[in-house]
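Reading through the structure tokens given below for one structure.
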Amino acid sequence: MNGSIKSVILAAGKGTRMKSEKPKVLHEIFNKPLVSWVISACENIGSNENIVVVGHKGEEVQDFINKKHPKSVCVFQKEQLGTGHAVSMAKDELKNFDGLAIILNGDIPLITAKSLQKLVEFHQSNNADITAITAILDDPKGYGRIIRDENNHIKEIVEQKDCNATQDAVKEINVGMYCLNWQKVKGFFDDLKNDNSQNEYYLTDIIKWANENSYKTYGYILEDSNEAFGINSRVQLAEAFKIMNERHLNKLMENGVTIVSPENTQISPETEIGADTIIFPNTFINGKNTIGKNCKIGPFAHLRGDCTIEDFVKIGNFVELKKSYVKSHTNISHLSYVGDTKVGSGVNIGAGTITANYNSITKEKKQTIINDGASIGSNTVLVAPVELGEKAFIAAGSVITKDVGANSLGLTRSPQKEIKNYVK
């Protein structure tokens, strides 16, 4: 085995319980589809290729994969005949592959690269041929039980309805995902049988097949059983969002970030935040962002992604940022929208300021540049593309459509009129 890794991600299911026209694996957490979280975890452990098995509305899933994960490839399972059959669809892509194949489900967004790396290390250190990912549950009701032999190898997986009293008491459950020495076990997918009540080809049968062929079968127990949490309904989607958010908030707080009200704050795991930054309540941060040290964010702030915020920046209440770079010691304190913008250091952006960056007719987005030390009065509109020079001053209530030079005043304002005794 040459040490390389490929993943096979099963994403062909319809997801009937989602009650949606959208394929289940394209439903999102923090604006990122479920299957994309799984692919990202695989990419982060150096998977050379991610083979996504698609079925229901497969072209739609394939379009997303091609756009967002160009190193991945989709194969089609035209008939959903079981998990074993789904993996077999990847055989051609793995034909000459001599390495580890990690089999994962496409609806488990909580899986982490850290756990997958530990799985690979466990598999290799035990010289295993097959390692099943397992979890320990206080209430394992409804799950197949992992039955081990005296050598701690997996002897069999027994579905609950088939368990005797001893097996039913086992709390270690099968989560349906595996690490395989592909060249050794690929024969299983040529020997698939569907002699069961559902007439489906089960991936779980690989354990029985491996034992019959004297292969080493181990079980890797997830440290956090939530990582195996699969999404089959909107309720479970919300539960996974909550778990992912709490996990990341705890990590941020452990690293020196103050989250004033964790129960009222949502921050994407793809956002990094420096120490001594304070996140005030009702802040929602989506996508990939980098926030520096000693910042103040919120309350009621919204970062939509692709934002970089340097140290000592204030993003205040009801401020929305998107695809912007904000340098240090800048204040965007209230009721403003800043999108597709480069903001310099020491800038003050007054309340109600808007960067008008989108042309709804041409569908184009243009950039606004605000250089160091500029000051923008309240209720200003900056119509992109536009640039404000260093220490430029923009009078309140202006609509700026042309560049303003350094140390200059930008002003667009109609003369004030007063009509005496108008009310009378």
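The values are calculated or read from the model by the stated rules, or taken from the named source; none is laboratory data. All values derive from a computational prediction rather than experimental measurement. Positions of Cβ are generated from backbone atoms using ideal geometry, with glycine treated the same way; all protein chains shown enter the neighbour counts. Side chains are part of the model used for accessible areas, which takes the heavy atoms of the whole protein and leaves out ligands, DNA and RNA. Shrake-Rupley method; radii C 1.70, N 1.55, O 1.52, S 1.80 Å.
Quick rundown of the values:
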quantity: Residues whose placed amide H lies under 5 Å from that of Thr265, excluding near-sequence neighbours; calculated: Asn282
quantity: Surface per residue (accessible, 1.4 Å probe) for the stretch 118-257, Å²; calculated: 52 Å²
quantity: Net charge, Gly256 excluded, C-beta distance under 14 Å - Lys, Arg +1, Asp, Glu -1; calculated: -2
quantity: 19 Å Cα-Cα reach of Lys251 towards aspartates and glutamates, excluding residues that sit fewer than 8 places from it in its own chain; calculated: Glu223, Asp224, Glu227, Glu239, Glu263, Glu270, Glu272, Asp276
quantity: For the stretch 349-424 versus the stretch 1-51, the gap between their alpha-carbon centres in whole angstrom; calculated: 44 Å
quantity: Among the listed pairs Lys6/Lys288; Lys342/Lys366; Lys22/Lys71; Lys288/Lys363, those beyond 19 Å (Cα-Cα); calculated: Lys6/Lys288; Lys22/Lys71; Lys288/Lys363
quantity: Pairs of Cα atoms farther than 42 Å apart, the chain, %; calculated: 31 percent
quantity: Largest-first principal axis extents of the Cα set of the stretch 1-85 (Å); calculated: 43, 32, 19
quantity: Of all accessible heavy-atom area on the chain, the percent that carbon and sulfur account for (1.4 Å); calculated: 47 percent
quantity: Local electrostatic count at Phe280 - Lys and Arg +1, Asp and Glu -1, tallied over other residues with Cβ under 12 Å; calculated: +2
quantity: Net charge, Leu26 excluded, C-beta distance under 13 Å - Lys, Arg +1, Asp, Glu -1; calculated: +1
quantity: Under 24 Å from Lys161, Cα to Cα: lysines that are on another chain or at least 8 residues apart; calculated: Lys141, Lys171, Lys193, Lys208
quantity: From the C-alpha gyration tensor of the stretch 50-100, square roots of 5λ in Å; calculated: 18, 16, 7
quantity: DSSP H segments from the chain that extend 20 Å or more along their own axis, Cα-based, with Kyte-Doolittle mean of -1.0 or above; calculated: 234-254
quantity: DSSP-defined antiparallel bridges as percent of all bridges, the chain, nearest 5; calculated: 20 percent
